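Participant: This is the structure I have questions about; it appears just below.
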Amino acid sequence: MTSRLYKLCSKDVVFEIAKERRDAYERIKYELTNAPVLILPDFELPCKLYIDAACSQGLGAALHQRQIVDGEPREGVICYISRNLKDSEARYEATQTECLFLVWALEKLL
């Protein structure tokens, strides 16, 4: 989602807001301002870490926790993390990329 905008930060790239970049910006803005809303962690409860490193552009994760809200158990998002793959990492096999990302996510969140 952010890769089109992230490329604007590179050297020797003309800063040009094309339709695809404007659309990417609007989608990011929408996703950040609409549900699911982040929840505060309860450090007494277990968490779940969802990771996705399937694409060749970047890595993404969401830390979730099941809490009791209005008398019912609900799973909510505590935080999201992501980063772009380095050029050398983009050539990794899928299994290597998933392992790389699992280690990176755990280091970031612990």
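Where a number appears in this text, it was derived from the coordinates with a stated rule and is not lab data. Every value quoted in this text rests on a predicted model; they were computed, and no experiment measured them. Virtual Cβ from ideal backbone geometry, glycine too; neighbours counted across all protein chains shown.
Participant: Let me check I've understood the local charge: for Pro46, count other residues with C-beta under 12 angstrom from its C-beta, Lys and Arg +1, Asp and Glu -1. What total comes out?
Facilitator: On the way: positive: Lys48, Arg66; negative: Asp42, Glu44, Glu75.
Combined, the nearby Lys, Arg, Asp and Glu give -1.
Participant: Find how much the distance from Tyr6 to His64 grows on full extension, using 0.36 nm per residue of separation minus their present alpha carbon separation; answer in nm with one decimal. It would help to have the intermediate numbers written out before the result.
Facilitator: Values: separation 58, 0.36 × 58 = 20.88 nm, distance 2.62 nm.
Additional length available on full extension: 18.3 nm.
Participant: How much length is gained on full extension from Tyr50 to Lys19, taking 0.36 nm per residue of separation minus their Cα-Cα distance? Intermediate results must be reported in sequence, preceding the final value.
Facilitator: Details: separation 31, 0.36 × 31 = 11.16 nm, distance 3.12 nm.
Net length gain for the segment: 8.0 nm.
Participant: On to the next question. What is the total of Lys pairs in the chain with C-alpha atoms under 18 Å apart, excluding same-chain pairs fewer than 8 positions apart?
Facilitator: 7
Participant: If you add up the charges near Gly60, with Lys and Arg at +1 and Asp and Glu at -1, over every other residue whose beta carbon is less than 13 angstrom from its beta carbon, what do you get?
Facilitator: Once positives and negatives cancel, what remains is -1.
Participant: Still on this structure, please answer the following. Report, in degrees rounded to the nearest 10, the 0 to 90 angle that the Cα long axis of helix 94-109 makes with the longest principal axis of the chain.
Facilitator: Here the helix axis deviates by roughly 60 degrees.
Participant: Per-residue ellipticity at 222 nm for the chain, helices alone: DSSP H runs ≥ 4 residues times -39500 (n - 2.57), over residue total, nearest 500 deg cm²/dmol? Write down the numbers at each step before the final one.
Facilitator: On the way: 3 runs with 35 residues, N = 110.
After summing the helix terms and dividing by residue count, I get -10000 deg cm²/dmol.
Participant: Any idea what angle helix 19-33 forms with the longest principal axis of the chain, computed on alpha-carbon atoms, 0 to 90 degrees, nearest 10?
Facilitator: Helix 19-33 sits at roughly 20 degrees to that axis.
Participant: Please work out the FRET efficiency for the pair Leu32 and Leu110, using the Cβ-Cβ distance as r and a Förster radius of 35 Å; give the result to the nearest 0.05.
Facilitator: Values: r = 25 Å, r/R0 = 0.71.
For Leu32 and Leu110, the calculated efficiency is 0.90.
Participant: Hey, another quick one. Given Cα positions, please report Rg to Rh for the chain, the hydrodynamic radius being the Kirkwood one.
Facilitator: Details: Rg = 16.8 Å, Rh = 16.1 Å.
Result: Rg/Rh = 1.04.
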